[in-house]
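Step one of this worksheet: look at the structure below.
The values are calculated or read from the model by the stated rules, or taken from the named source; none is laboratory data. Keep in mind that this is a model prediction, so the values were computed, not measured. No Cβ is skipped: glycine too gets one built from the backbone with ideal geometry, and neighbour counts run over all protein chains shown. Side chains are part of the model used for accessible areas, which takes the heavy atoms of the whole protein and leaves out ligands, DNA and RNA. Shrake-Rupley method; radii C 1.70, N 1.55, O 1.52, S 1.80 Å.
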Amino acid sequence: MYNEQTILAKISTAYIGQVITYFDTIGSTNDYAKTWARAGAIEGALVIADRQTAGKGRLGRVWDSPDGEGVWMSLIVRPAISPQAISQLTLVAGLSMCRAIRELTGLDAEIKWPNDIVVQGRKVCGILAEMGMQGPIINYVVIGVGVNVNTEVFGQDLPHASSLKLCSGHSYDRIELIEMFARYFEVAYDCFKEQGNLSGLIEDYKKCCLTLGKQVILIEQEIQRCVKVEDITDTGALLIRNEQGIIEEIHSGEVSVRGLYGYI
Ligand code: BT5
């Protein structure tokens, strides 16, 4: 069974995922979470759905979210950080889910900067963070995480997608994945809040990040550049060496990253 009670019964954290709203079907867990956050949901509140009919990616893209096969969830947090720092939170979530997938499956999951999780060269997880402001300060951040867990078939329009099941040949308990994510996220998020940036997490993030050290194509408003990724900063930006050999700092949200030969 996959519902509020069965999920809550497994979660062992202090506050991440200790309050859950579950839906068999919803438009988008991110949209519901934003409404709930505006109505006062506490930090750590989690929205989970078995199926989304209007799952969203970044920039208005569609996120395929069929029933019974994936984890589609949105976490509400209320950090005292500047709006510019919100992209760091998506890195915290990416690192936490990467660790959870590794622990659950033993698969060599890696992060494609900033926060796609990739196994065997295909995307198994995407993350979408959205925030609400109250004047100049952040009221809430909703971190939406979608993981293809037991999906067996993807449409032809998703050639880069895969699932944990397709990668390993095994089915997995989605509740176990949620429990592990909540545990890893809580530790990482506490560290992030204490430091005010990713300095306590970035070494681990780099170890999991397949983009680091690679020659990649940066796509910025339809302009493509071939650059080398030299490092990732404590605030989660890429340090790249450009065509002139000069180091530049690149922030997520401004660019897409592609491998020289396709998605990674
Ligand atoms: C993302 O966007 O990767 C963020 C996805 C976030 C989804 C979660 S699910 C829970 C929460 N509620 C929501 O409504 N959203 C969040 P982006 O990097 O823009 O990637 C989107 C692209 O990934 C699409 O244009 C497709 O090409 C591809 N895609 C769509 N569905 C996919 C899937 N299930 N698995 C892998 N790739 C997919």
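Condition check: open to solvent by less than 60 Å² (accessible area, probe 1.4 Å) and either closer than 20 Å to L89 by Cβ or aliphatic (A, V, I, L, M) (or both). Does I264 satisfy that?
No: the conditions fail for I264.
Taking segment 222-238, which residues are on the phi > 0 side of the Ramachandran plot and surrounded by fewer than 20 Cβ atoms within 10 Å (Cβ to Cβ)?
Once the filter is applied, which keeps residues that are on the phi > 0 side of the Ramachandran plot and surrounded by fewer than 20 Cβ atoms within 10 Å (Cβ to Cβ), segment 222-238 yields only E222.
Which residues, counting only those in segment 141-171, are over 15 Å from M73 (Cβ atoms), among the aliphatic types (A, V, I, L, M) and within 9 Å of the ligand (Cβ to nearest atom)?
Taking segment 141-171 first, the residues over 15 Å from M73 (Cβ atoms) are 150-171.
Checking which are among the aliphatic types (A, V, I, L, M) leaves us with 153, 158, 161, 164, 166.
Correct list: L158, A161.
Does A54 fit the bill of being part of a helix (DSSP H, G or I), more than 28 Å from L198 (Cβ to Cβ) and open to solvent by 40 Å² or more (accessible area, probe 1.4 Å)?
So A54 does not fit the description; no.
Give segment 163-221 a look and list any residue that's within 15 Å of D108 (Cα to Cα), open to solvent by less than 30 Å² (accessible area, probe 1.4 Å) and over 18 Å from the mean Cα position of the chain (by Cα), or say none.
Within segment 163-221, the first condition is being within 15 Å of D108 (Cα to Cα), and the residues that meet it are 163-170, 204-211.
Then drop every residue that is not open to solvent by less than 30 Å² (accessible area, probe 1.4 Å), which leaves 163-164, 167, 205, 208-211.
If the condition is that a residue be within 15 Å of D108 (Cα to Cα), open to solvent by less than 30 Å² (accessible area, probe 1.4 Å) and over 18 Å from the mean Cα position of the chain (by Cα), then C167 is the only one that fits.
Quick check on my filter: what residues within segment 12-27 are polar (S, T, N, Q), touching a residue at least 40 places away in the same chain (Cβ under 8 Å) and surrounded by 14 or more Cβ atoms within 10 Å (Cβ to Cβ)? Reasoning before the result, please.
First, pick out the residues of segment 12-27 that are polar (S, T, N, Q): 12-13, 18, 21, 25.
Of the ones still in play, those that are also touching a residue at least 40 places away in the same chain (Cβ under 8 Å) are 12-13, 25.
Selection gives T13 alone.
Listed residues A129, A45, A49; which is within 17 Å of the chain's Cα centre (by Cα), more than 13 Å from the ligand (Cβ to nearest atom) and of a type in the set (A, V, I, L, M, F, W, C)?
A45
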